[in-house]
Amino acid sequence: MSCSFRRGLLLFSLVLFLYVPVLRSFVFATHLLVDKANKQRIVLMSDYHEDTKASIPQRIAILNAAKKFDAYLVAEDNGYMCDYVGPDGVTAYPACLQPVLDDLVADPINFDPNKDRQLDLSVFDPEADNEMTPLLLLTHMARAQNIKGHTVECRQPEKISYRNGPISASQVCAAYDALIVRLAGYNDGEICNAFYRHQLERYKTRIAYCPNFFRHLRASSKNLKQALRSSFEAEVLNAYKKIEFENYVNDYMIQGVSQAKAEILASKITVELEEGQDLYKAFLMYLYNFLIDSAVIHEIAIHGQEPIIFIYCGAMHVHSVLPVLQAMGFVLEKVCDASNVAGQSALDMDHYFDLIAVQLNESIDAQSQRSFETIPFLDVFNMKKFSFIDFLADAPKFNQASLLFNVPMSLAGMLLKNQKSQNSLITN
């Protein structure tokens, strides 16, 4: 993966992370996976940021498909919008979301974005042109239509605190500590648990790169906007560079390069912030992204009874969970990637769901009938009918090395090896 691409993806992720209303975003890629053992299917949708008119029709298409196929919809949805954020309070927009923010400010450490607060969801209009992304408020819109929806976003305390809200830096740290304790208690089988352990061990290593910075945050009664001082920039920048170096080493190793050579190649890449990019935001996002990845895997692991699961999140998260899902037994049927041609990079989601309807209906039938029939691969897409799509790849020909898995080659290999051993035991 090129240095410029990784930096671009990080910058786009930061825009979504803070929901700054300057760019719109859209689904630019999808991965259709199937578990051949129980015929469960997963649709992974990747988010990308660029000005487009596609976000509203995509949002409607996702909701319509989730309702039609009775899918379990998992999204990296913040769960709120703000009209005002300041040290004295936070005002929700629309007003019906105020209970969400009141709960967040009152108890950021135990805040549950999926709690049933008996909100009046009738105000949510999927056709409204007032959001920058199909992701934002998607779970509320889903619940308004009696669609099973769950957000895996868990960084709300940090976001409000960073925007000068009434949540202290020490509370943000405590909220993350609580999430990490919860993650450490997951027991979703050998493969998932190995992934969680790896993520937690890497987090402990990375947080140790800047002990003074986190000692300061854990003791601060100020919010993050007020607490983040320039005196910690050198320590945090050094930690950020170490993390970027590790990411590039992993990228090269995923492409088949030995660790020694990967380290040499990665050392030649100059790690620097893009103009206007905030060091603390970038560092904290890199540090805590794994919580979203782990939450996605956990939701899939505990919802094996759902014939169809839609996952909609940023591209970094999608590429991080892909190798874990494959190790769990999911097989790629079709990859749709419309990111390679400028000006035509948003997928026509209505047409996409029409094209995979046979496969999704098969999953529904298989779940109810416990069928063990062979699953046919998706028919070839008709490029002329797909107005927004630029590139389609059959899974057997798809170059997995081009993906940003964000999982070391050694871990991915170990997970796949474990799965093959288990399959061998079952067949024998």
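The values are calculated or read from the model by the stated rules, or taken from the named source; none is laboratory data. No experiment lies behind these values; they were computed from the predicted model shown. Note that each Cβ is placed from the backbone with ideal geometry, even for glycine, and that neighbours are counted across all protein chains shown. For accessibility, only protein heavy atoms count, side chains too; no ligands or nucleic acids. Shrake-Rupley method; radii C 1.70, N 1.55, O 1.52, S 1.80 Å.
Computed from the C-beta positions of Asp125 and Arg215, the FRET efficiency with R₀ = 51 Å rounds to 0.65. For the stretch 234-346, the solvent-accessible area works out to 34 Å² per residue, with a probe of 1.4 Å and every protein chain left in place. For the stretch 237-362, the alpha carbon positions stretch 50, 36, 30 Å along the principal axes, listed from largest to smallest. Using heavy atoms of the protein chains and a probe of 1.4 Å, the accessible area assigned to Cys313 is about 0 Å². Work out the FRET efficiency for Glu233 and Asp88 from their Cβ-Cβ distance, taking R0 = 25 Å, and round it to the nearest 0.05. Here the calculated transfer efficiency is 0.30. Based on Cα atoms of the stretch 84-238, Rg over Rh with Rh as the Kirkwood radius reads 1.01. Along its principal axes, the stretch 24-91 has C-alpha extents of 54, 26, 19 angstrom, given from the largest down. Computed from label points 7 Å out along Cα-Cβ, the spacing between Asn193 and Glu263 is 3.1 nm. Surface analysis of the stretch 67-215 yields an accessible area of 41 Å² per residue, using protein heavy atoms and a 1.4 Å probe.
Between Asp350 and Asp70, the distance separating the two model label sites (each 7 Å from Cα on the Cα→Cβ line) works out to 2.6 nm. Could you check how much of the accessible area of the stretch 267-343 is carbon and sulfur, as a whole percent, using a 1.4 Å probe? Roughly 46 percent of what the probe reaches on the stretch 267-343 is carbon or sulfur. Ranking of Arg59, Arg143, Arg218, Arg197 by solvent-accessible surface, largest first: Arg197, Arg218, Arg143, Arg59 (1.4 Å probe, protein heavy atoms only, all chains present). For His317, the accessible area of its heavy atoms, probed at 1.4 Å with every protein chain present, is near 10 square angstrom.
Only protein heavy atoms count here; on that basis, with a 1.4 Å probe, Tyr162 has an accessible area of about 30 Å². Amide H contacts under 5 Å for Met81: Tyr93, restricted to partners 5 or more places along the chain or on a different chain, H placed in the peptide plane at 1.01 Å from N. Other residues lying with their Cβ under 12 Å from the Cβ of Ser168 contribute a combined charge of +2, Lys and Arg counting +1, Asp and Glu -1. Computed from the Kirkwood radius of its Cα pairs, the Stokes-Einstein diffusion coefficient for the stretch 32-162 at 4 °C and 1.567 mPa s stands at 81 µm²/s.
For the stretch 65-202, which whole-number percentage of the solvent-accessible area (1.4 Å probe, protein heavy atoms only) is attributable to carbon and sulfur atoms? The computed percentage sits at 47.
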